[in-house]
1. Taking 0.36 nm per residue of sequence separation and subtracting the Cα-Cα distance, how much length would be gained by fully extending the chain between residue 13 and residue 37, in nm to one decimal?
2. Simple spin-label model, 7 Å along Cα-to-Cβ: residue 73 to residue 109 in nm?
3. Would you please name the trypsin sites (Lys or Arg not before Pro) within the stretch 1-66 that are DSSP coil residues with at most 12 other C-beta atoms within 10 Å of their C-beta?
4. Could you calculate the contour length gain from residue 99 to residue 87, that is, 0.36 nm times the residue separation minus the distance between their Cα atoms, to one decimal place in nm?
5. Using a simple charge model, +1 on the beta-carbon of Lys and Arg, -1 on the beta-carbon of Asp and Glu, nothing else, what dipole does the stretch 19-63 show about its Cα centre, in debye to the nearest 20?
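What follows is calculated from the coordinates using simple rules that are stated; it is not laboratory data. Since this is a predicted model, take the numbers as computed values, not measurements. Please note: Cβ atoms are built from the backbone with ideal geometry, for glycine as well, and neighbour counts cover all protein chains shown.
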Amino acid sequence: HADFESALRASNERMGISKAPIYFLHSPMHLFRSVEFWVEAAASCKRKGLLDALGLSNCSADEVRRAVAAGEKFGIPVIVSQVHFSLLDYNSPALQEMQQCCDELGVSIIAYNSLGQGLLTDNMDEVKFS
């Protein structure tokens, strides 16, 4: 948990704040610890007055469920999930499951890549596409 706290303190210092309103776990599936481990670390920092809430990025619906359950257990709200969200994948089963999961748990969704990396614009040419 010390690495999480150190990173959070450094972020807060760079922003000139003592408490972050939200802190995102980015791609926890790439880390070598469970999402529950990182939620517990965030809760410890919340108790120290370093942050208010936790956000997730690039998590599966299962990881969101697990993070929310851990947040309830350890005392930190998980309030938002940042997901790849565009018309290119809107009807994908994974995105539909994520929307349903977040709706059920009261977790907001923040979209990224909403223009499909430019594929949904008329601004793509052969040079930009390659």
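1. Details: separation 24, 0.36 × 24 = 8.64 nm, distance 2.37 nm.
Residue separation times 0.36 nm, minus the Cα-Cα distance, leaves 6.3 nm.
2. Once both label points are built, they end up 2.7 nm from each other.
3. Numbers: sites: 9, 14, 19, 33, 46, 47, 48, 65, 66; in loops: 19, 33, 48.
Listed in order of number, the matching sites are 48.
4. Numbers: separation 12, 0.36 × 12 = 4.32 nm, distance 1.41 nm.
Extra length available between residue 99 and residue 87 comes to 2.9 nm.
5. Details: 5 positive and 5 negative charges, 64 e Å.
Dipole magnitude for the stretch 19-63 comes out near 300 debye.
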